[in-house]
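J.: Pasting in a structure now, in structure tokens, and then I'll have a few things to ask.
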Amino acid sequence: MKVLGIETSCDECAAAVVEDGRKVLSSVVATQIPFHAAYNGVVPEIASRKHTEWIYGVAKESLDKAGLGPGDIEGVAAAGRPGLLGSLLVGLTFAKAFAWSRGLPFIAVDHMLAHLYASRLEPPGGARGTEPAPGAEPGGPSAEYPFLGLLVSGGHSIICRADNFDDITVLGTTIDDAVGEAFDKVSKHYGFGYPGGAVIDRMAQTGDSEAFRFPLPSLHKGEHRCDMSYSGLKTAVINQLEQFRGKHNPAGTEPRKEDIAASFQKTAVDILLRALFNAAEDTGLKTVVAGGGVAANSYLRARLAERKDLRCIFPPAELCGDNGAMIAGIGYQYLVRGETSPLSVNASARVNGFKRRYP
Ligand code: KG4
Ligand code: ZN
């Protein structure tokens, strides 16, 4: 079954065709980064306008690249939540119209569950899942449920137990900023570039991660064992370096930006892994499946690969960030179960449908 997946929850206008929930026949991601870079962040109004301009062309390109016409598509899926409301509405409405006009089954899916599904996809070219770092395993069907999910993006940081593609229990989450947001905000403060994650990841490779020490949040006990906090780190990175400049550095030389990037990144990953390892200990689960833009982070991948007792599965780098293939992939799973959404289904900026907390 060939499913068209549409993703417009934030600043990527994306469409893909996936066969049988697994094989990516095409994946087109049109990024709006140049339009938001001047503002150092996504401007929701600009995002939804660009999606409106681009969605037809992006969807058409995904069909062309798959060598298919609209008549070959057998189901349609779109991200319906969570995300920027105006942006979500564009893709959701396009997908509904496509499905309605061709009499196809339609499903609105959750963007975060789709990120968790991404490692099960086979990207074009055949190889399924990339080998992220020595010791870590490629993704794909071998990730049996239940496993631990590590969902890390610009809007969410979630550690969960996954019992099925649509059945997750949130074990921990951020109590303030998301991890990707912290990368973006630190990068914005120092003028490193936008979006910050990939820039900091690259800069950190030539930096000293021990150059600056930032405190970890005291969330490691009791009910917060698997939770994270990033707003304190963001403030520390900014304030501590101002102090460094004054107290220890009368000559006024600037700290190396690569050292700032590496030290921040190390602490950001330490926070994430402390919560994740607590979750592994509490649940006894030995497989970790990552997803979301921050799952592309090379330092996170390398650190996880050091834990030989855990099996760590990452999506291929191009399927970590927002894409239509993860939407089509998870959409297929609902459609083969006979589940569809009514064409009256609305977009939602947030979702509360998971057990425990899901911000
Ligand atoms: O999943 P995603 O594409 O969009 C959301 O659903 O939010 O994630 C985007 C986030 C941004 O905060 C971006 O800075 C971060 O993922 N990101 C990274 C890397 N690549 C993207 N963070 C750390 N290291 C990276 N290599
Ligand atoms: Zn995302």
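Read the figures in this text as sums done on the coordinates, not as results from a lab. What you see is a predicted model, and the numbers here were worked out from it, not measured in a lab. Backbone-built Cβ (ideal geometry, glycine too); neighbour counts: all protein chains shown.
J.: Tell me the Kirkwood radius of the stretch 1-59: reciprocal of the mean inverse pair distance over distinct alpha-carbon atoms, in Å.
T.: Numbers: mean 1/r = 0.0825 Å⁻¹.
Hydrodynamic radius (Kirkwood, Cα only) of the stretch 1-59 equals 12.1 Å.
J.: Follow-up. Students often get this wrong: which residues of the stretch 158-192 have the backbone nitrogen under 20 Å from the point 7 angstrom along Cα-to-C-beta of TYR39?
T.: Of the residues in the stretch 158-192, 178, 180-192 have backbone N under 20 Å from the label point off TYR39.
J.: Distance check, please: which entries in LYS23/LYS50; LYS185/LYS221; LYS2/LYS23; LYS23/LYS286 exceed 19 angstrom between their Cα atoms?
T.: In this structure, LYS23/LYS50; LYS185/LYS221; LYS23/LYS286 exceed 19 Å between Cα atoms.
J.: A further question on this structure: In whole Hz, with x marking every Gly and Pro, tabulate ³J(HN,Hα) for the stretch 111-122 from phi via Karplus 6.51 cos²θ - 1.76 cosθ + 1.60, θ = phi - 60°.
T.: 4, 6, 4, 5, 4, 5, 7, 4, 5, 8, 8, 9
J.: Once you've got the GNM for the chain with C-alpha springs shorter than 10 Å, pick whichever of ALA251, ALA38, ALA262 has the biggest mean-square fluctuation.
T.: ALA251
J.: Mind putting a number on the dipole of the chain about its Cα centre? Charges go on the C-beta only, +1 for Lys and Arg and -1 for Asp and Glu, and I need it in Debye to the nearest 20.
T.: For the chain, the charge dipole is close to 400 debye.
J.: Beta carbons within 10 angstrom, averaged per residue: use that to sort the peptides 108-116, 8-16, highest first.
T.: Highest mean packing first, the order is 8-16, 108-116.
J.: Could you check which residue among PRO123, PRO255, PRO315 shows the biggest mean-square fluctuation in a GNM of the chain with a 10 Å Cα cutoff?
T.: Evaluated over the chain, the most mobile residue of the options is PRO255.
J.: Once every Cα of the stretch 136-315 carries one equal point scatterer and solvent is ignored, give the base-10 log of I(q)/I(0) from the Debye formula at q = 0.19 Å⁻¹, two decimals.
T.: For the stretch 136-315, the Cα-only Debye profile gives -1.24.
J.: Below 15 angstrom from the Cβ of PHE264, what's the summed charge of the other residues (Lys, Arg +1; Asp, Glu -1)?
T.: -1
J.: Which of SER27, SER344, SER187 ends up with the largest GNM mean-square fluctuation for the chain, with Cα atoms connected below 10 Å?
T.: In this elastic network of the chain, the residue with the biggest mean-square fluctuation among SER27, SER344, SER187 is SER344.
J.: Given the stretch 257-359, report the % of alpha carbon pairs whose separation exceeds 16 Å.
T.: 72
J.: The chain: percent of C-alpha pairs farther apart than 39 Å?
T.: 14
J.: Also: Compare the Cα positions of LEU233, LEU25, PRO146 along the charge dipole of the chain (+1 at Cβ of Lys, Arg; -1 at Cβ of Asp, Glu; about the Cα centre) and return the one farthest towards the positive end.
T.: With unit charges placed on the Cβ atoms, the residue in question is LEU233.
J.: Could you point to the residue in LEU319, VAL170, PRO124 farthest towards the positive end of the chain's charge dipole, with +1 and -1 charges on the Cβ of Lys/Arg and Asp/Glu respectively?
T.: Of LEU319, VAL170, PRO124, it is VAL170.
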